[in-house]
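Remarks on the structure that follows.
The values are calculated or read from the model by the stated rules, or taken from the named source; none is laboratory data. Everything numeric in this text was worked out from a predicted model, so none of it was measured. For neighbour counting, all protein chains shown are included, and Cβ atoms are generated from backbone atoms with ideal geometry for every residue, glycine included.
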Amino acid sequence: MARRLRVLLLIPHLGGGGAEQVTALLARGLSREKYDLHLGLITQSNATAPAPLPGVAVHALGAVRVRSGAFRLLRLVWQLKPDVILSGMAHLNFMVLFLRPFFPPSTRVLVRQNGTVSSTLAHGTLPRYTRLLYRLLYRHADRVICQSSAMAADLAGQLELGAEKIAVLPNPVDLEGIRHGMQIAKTGPNHWNGPGPHLLAVGRLSHEKGFDLLIEALATVRRRFPRADLLIAGAGAEESDLKAQCAQLGLKSAVRFAGHLANPYACFPGATLFALSSRHEGMPNALLEAAAAGLPIVALPSSGGVVDLLTNRPGAWLASEISAAALAESLLAALNALHPEQLQMAEQRPPRKPPARVNPAENSKIRPRIA
């Protein structure tokens, strides 16, 4: 019997945002026959996972922050001597690649880029030296994994990386988990009240997610659909500012902030459409999950990957630019196009199959490909 490859997956902690979710899905989906799987949690003290990860050894390093976990990570790497390390977030990627010269020589290092580099550098609040870190460190990875060809082309141009360094692997989608979460909605609390139409948005309450644009667009939409409402599932630093904006626009009763939901899929039944209002993105999990569930989608062109995914897709409306006015125009076009029976999504609507190649766990090899 061939020796299993030892793989160490690295994230700051479990139960966080999209990057953590992707890594947890990989840990559940990768073959136990081919891989000896380990999950390193840099800033988590408790090794008990919030969701079962059978066959995965979980190592909680308990650092106060990612950068202070360097020596603990180095000790873990020498203890395990993994064949492959996969790091899942940019600031963790920097630390892993900085430490790489001190790893066992045979260790291969893969890093997953979870945002479009040009947009992250242009619109983020990152230090000015971040571009330099990208350029100096990413070239030392064996592969940089992007979620779309557009992200890969952007990264190659921004960092002057060759195609042989880059692999395109779409994010995994847990279709069974989505179906189960939607079934729970039948016996749980109803997330929707009134006739609607009901708009759903999911994400961290931060500037790049553009919920301020969505709230402004909703004010325009309600001139045509006065009973339209919006549910935002997510938590973040901008919650108080967004609530103040709702009050200023007379939308306090029309917008509900549900906070972070362990099961956002319970909001899918009854939702008229899913709205993606991000100013910049990579390939957001929430968008893929909404598409897999069969929800109509209205989105801003927040990345080349989003544009590629939604262009000419039935049931998807892509705004012409990143603005509240363009988002309102697309929301109105979608709501006007939907038949009356579609204005309240039937609870029984079966989830649609996710976009092709959404499960990288099924790929036994990683090959660079830039379209």
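Computed values, structure above
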read-out	value
Which numbered condition Leu251 misses (of (1) over 14 Å from Leu331 (Cα atoms); (2) hydrophobic (A, V, I, L, M, F, W, C); (3) surrounded by 24 or more Cβ atoms within 10 Å (Cβ to Cβ))	(3)
Leu276 vs. criteria of a type outside the set (Val, Ile, Thr), within 23 Å of Arg224 (Cβ to Cβ) and at pLDDT below 95	no
Test: Glu164 is modelled with pLDDT under 90, of a type outside the set (A, V, I, L, M, F, W, C) and outside the structural domain of Pro269 (by TED's automatic domain parsing)	no
Scan of segment 229-252 for residues that are assigned to a helix (DSSP H, G or I) and either more than 28 Å from Met283 (Cα to Cα) or not basic (Lys, Arg) (or both), ordered by number	Glu239, Ser240, Asp241, Leu242, Ala244, Gln245, Cys246, Ala247, Gln248
Residue match in segment 45-61 (condition: β-branched (Val, Ile, Thr), within 29 Å of Arg135 (Cα to Cα) and surrounded by 14 or more Cβ atoms within 10 Å (Cβ to Cβ))	no
Among residues of segment 155-177, those that are hydrophobic (A, V, I, L, M, F, W, C) and in a helix (DSSP H, G or I), counted	5
Some residue of segment 192-210 being buried (at least 22 other Cβ atoms within 10 Å of the Cβ) and part of a helix (DSSP H, G or I)	yes
Selected residue (only one of Asp241, Asp229 is among the acidic types (Asp, Glu) and surrounded by fewer than 16 Cβ atoms within 10 Å (Cβ to Cβ))	Asp241
Scope segment 254-282; condition among the small types (Gly, Ala, Ser), buried (at least 19 other Cβ atoms within 10 Å of the Cβ) and closer than 27 Å to Asn171 by Cβ; matching residues	Ala266, Gly270, Ala271, Ala275, Ser277, Ser278, Gly282
Cβ-Cβ under 6 Å pairs, at least 6 apart or on other chains, segment 151-169 side of a type in the set (Asp, Glu), far side surrounded by fewer than 22 Cβ atoms within 10 Å (Cβ to Cβ) and assigned to a loop (DSSP other than H, G, I, E, B)	Glu164/Pro368
Positions within segment 259-292 being within 17 Å of Leu199 (Cβ to Cβ) and part of a loop (DSSP other than H, G, I, E, B), in sequence order	Leu261, Phe268, Pro269, Gly270, Ala271, Thr272, Ser277, Ser278, Pro284
One residue from Ser68, Ser87 being surrounded by 20 or more Cβ atoms within 10 Å (Cβ to Cβ), of a type in the set (Ser, Thr, Tyr) and either over 23 Å from Ile145 (Cβ atoms) or in contact (Cβ under 8 Å) with a residue 40 or more places away in the chain (or both)	Ser87
Residue within segment 215-228 that is touching a residue at least 60 places away in the same chain (Cβ under 8 Å), assigned to a helix (DSSP H, G or I) and of a type in the set (Val, Ile, Thr) present	yes
Selection count where residues are under 25 Å from Arg100 (Cα atoms) and either modelled with pLDDT under 90 or of a type in the set (A, V, I, L, M, F, W, C) (or both), scope segment 1-17	10
